[in-house]
Amino acid sequence: MDDIQPADIRALRQQGDIGAYLRQQIAAGRARKTTPPPDPSPPEPGHVPGTWPAGSQPPQPIPAPPPGAWDDALHRYRTGTQTGTRCECPACAPRTGSHPDAA
């Protein structure tokens, strides 16, 4: 009985079973609290806790911009020759491993 209706309660009272029903519900609730959680699944073979998963590596640091990149970007901005919204140096290139847009 998951969805008990008022008519069900009336029937239990008329039959004198309401006390037994409530005791059964309390016992079921207590049993859920005392049931130990299931054992976690076994770790994958070769997994070392606290390390990167096999076949992956931590993100690489963003490379430093080459010398003169700021001056070049400022010149492109002032002359209106900037082709995008980002600097065009290798550190800002979308294919850099640590860039948010890297594929």
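Once both labels are positioned 7 Å from their Cα atoms along Cα-to-Cβ, the gap between Ala11 and Arg30 label points is 2.8 nm.
You can think of it this way: the chain between Asp39 and Ala54 has 3.0 nm of extra reach, that is 0.36 nm per residue less the Cα-Cα gap.
Overall shape: prolate for the stretch 33-81, with the ratio a/c of the largest to smallest alpha carbon gyration tensor axis at 1.5 or above and a/b above b/c. Spin-label model, His75/Tyr21: points 7 Å from Cα along the beta carbon direction are separated by 8.6 nm.
Only the coordinates and a few stated rules stand behind these numbers; no lab work does. Remember, it's a predicted structure, so these values are computed and weren't measured experimentally. In this analysis, Cβ positions are derived from the backbone assuming ideal geometry, glycine residues included, and neighbour counts consider all displayed protein chains.
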